[in-house]
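Engineer: Before we start, here is the structure in question, set down as C-alpha cells.
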Amino acid sequence: MKFFTKEVQIALVAVTGLVILFFGMNFLKGLSLFSTGNKYMAKFDDITGLSASSPVYCNGVKVGTVESIEYDYTRPQDIVAVIGMNGDMQLPQGTTAEIASDLLGNVRLVLKLGNMADGQLAVGDTISGQQQTGLMSKAADMVPQIEQMLPKLDSILASVNALLADPTLSRSLHNVEDITAGLTTTVAGLSQLTASLNRQLPALMSKADGVMANADTLTHSLNQMDLAATMAKVDRTLQNVEQMTALLNSKEGTLGLLMRDPGLYNNLNATMSHADSLMIDLKAHPKRYVHFSVFGKKDK
C-alpha cells in the first residue's frame with residue numbers, strides 16, 4: 001500500500017501550515033523560539049498596558065522582548081515580567097525597568113542602566129520596575145480635574161450662547177462696522193492729505209531755502225556792520241538829547257525861561273487876553289479902527 005496517500009499529504013500540508021503560522025505569529029510578536037539570549041525578571045506592582053511581546057528598549061535601541069507575564073494570585077502585588085535580552089547585552093547593578101507609553105497607546109519597557117562600576121547582574125536576576133511618569137500618566141492624573149471642570153464649561157457655553165443670541169451684540173457689531181467704515185474714510189482723507197503735502201513739499205523746501213539764504217545775507221550784513229561806530233553815534237545822540245533836556249529844565253535860554261518863568265507866562269496870558277478883547281471890539285466896531293471913503297478924507 002502506498003504511504004503518501006492524498007490524506008497523508010493533506011495532513012502534512014496542514015501541519016506545515018500550522019507550524020509556519022505559529023512561527024509567523026511569534027515572529028510578528030517579536031518572539032524567537034530559537035533565541036539563545038539572556039533572560040531577566042522585572043518585578044512590578046502594576047503592569048497596566050504591558051503584555052507579552054512588548055518591546056524592551058535601552059537608550060532608544062530595542063534590546064529584547066517581554067516573553068511572558070507571571071502573576072501569583074497569592075501575592076497580587078508581585079507581578080513578574082520575563083524579559084528576553086540580546087545575548088550580548090549585560091545589565092549592570094542598579095538597573096531598573098519602566099513601563100512607558102506614547103500618545104498612540106503603544107506600550108514598551110524601558111531599561112534605565114545602573115553604574116557599570118558596581119558590577120553586573122547575573123542572568124535570571126530580578127530588577128525592580130515601575131510605571132513611567134510621562135505625558136500619558138500626567139494626562140491621566142488630569143482626568144478628575146477635567147471632569148470637575150465640565151459642569152463649569154457647560155455653564156460658560158450656555159452664557160456664551162445667550163450672549164450670542166442677544167440682539168444688542170448684533171447692533172454693537174453693526175456699530176463697529178460703521179466705525180470701521182468711518183475710519184477707512186478718515187484714513188483715505190489722511191492719505192490724500194499726505195499726498196498733497198508730498199507734492200507741495202518741494203516748493204516749501206525751496207521757499208525755506210530762500211528764507212535761509214535771506215537770513216544768511218542779513219547775518220552777513222550784520223557781521224559787516226561797524227557796531228562800535230554805530231554805538232558811538234547812538235551815545236553822542238543820547239548825550240545831545242540829555243543836554244537839551246537839561247537846558248529846558250534850567251532858567252537859562254529862551255526855552256528854559258518860557259518853561260520855567262511864571263511871569264513870562266502871565267504876560268503872555270495877559271497879552272493874549274488883550275488881543276482877544278481887541279479882536280472882539282474890532283468885530284463889534286470896525287469903523288473905529290478902519291476909515292474908508294471913495295471921495296477921500298473929509299476935513300474935520
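The values are calculated or read from the model by the stated rules, or taken from the named source; none is laboratory data. Worth saying up front: this structure is predicted, and the values here are computed from it rather than measured. All Cβ positions, glycine included, derive from the backbone under ideal geometry; neighbour counts span all protein chains shown.
Engineer: How many residues are out of contact with any Leu (no Cβ under 8 Å at 6 or more places or on another chain) and either of a type in the set (A, V, I, L, M, F, W, C) or closer than 22 Å to His174 by Cβ (or both) when one looks only at region 146-164?
Structural biologist: The initial filter retains those residues of region 146-164 that are out of contact with any Leu (no Cβ under 8 Å at 6 or more places or on another chain), namely 146-162, 164.
Right, trim to either of a type in the set (A, V, I, L, M, F, W, C) or closer than 22 Å to His174 by Cβ (or both) and you get 146, 149-150, 153, 156-158, 160-162, 164.
Here the count works out to 11.
Engineer: Against the condition in contact with a Phe, Trp or Tyr (Cβ under 8 Å, 6 or more places away or on another chain), in the same structural domain as Asp45 (by TED's automatic domain parsing) and modelled with pLDDT of 90 or more, how does Leu111 come out, does it pass? Show your work before the answer.
Structural biologist: On the way: in contact with a Phe, Trp or Tyr (Cβ under 8 Å, 6 or more places away or on another chain): yes; in the same structural domain as Asp45 (by TED's automatic domain parsing): yes; modelled with pLDDT of 90 or more: yes.
Yes, satisfied.
Engineer: Moving to a separate point now. Go through region 53-71 and report how many residues are more than 15 Å from Asn106 (Cβ to Cβ) and over 48 Å from the mean Cα position of the chain (by Cα). Before you say what the answer is, go through the steps one by one.
Structural biologist: First, the residues of region 53-71 that are more than 15 Å from Asn106 (Cβ to Cβ): 58-59, 61, 63-64, 67-71.
Keeping just the survivors that are over 48 Å from the mean Cα position of the chain (by Cα) gives 63-64, 67-71.
Total meeting the criteria: 7.
Engineer: Here's something else I'd like to know. Going through Asp72, Asp102 one at a time, which residue ends up being assigned by TED's automatic domain parsing to the domain that holds Gly124 and free of Cβ contacts under 8 Å to residues at least 24 places away in the same chain?
Structural biologist: Asp72
Engineer: Here's something else I'd like to know. Find all pairs meeting these conditions: Cβ atoms under 9 angstrom apart; at least six residues apart or on different chains; first residue within region 116-130 and within 10 Å of Met41 (Cβ to Cβ); second residue at pLDDT below 90 and surrounded by fewer than 13 Cβ atoms within 10 Å (Cβ to Cβ).
Structural biologist: Correct list of pairs: Gly129/Asp45.
Engineer: While we're on this one: For Val80, are the conditions met, namely being touching a residue at least 24 places away in the same chain (Cβ under 8 Å) and within 56 Å of the chain's Cα centre (by Cα)? Outline the logic, then answer.
Structural biologist: On the way: touching a residue at least 24 places away in the same chain (Cβ under 8 Å): yes; within 56 Å of the chain's Cα centre (by Cα): no.
No, not satisfied.
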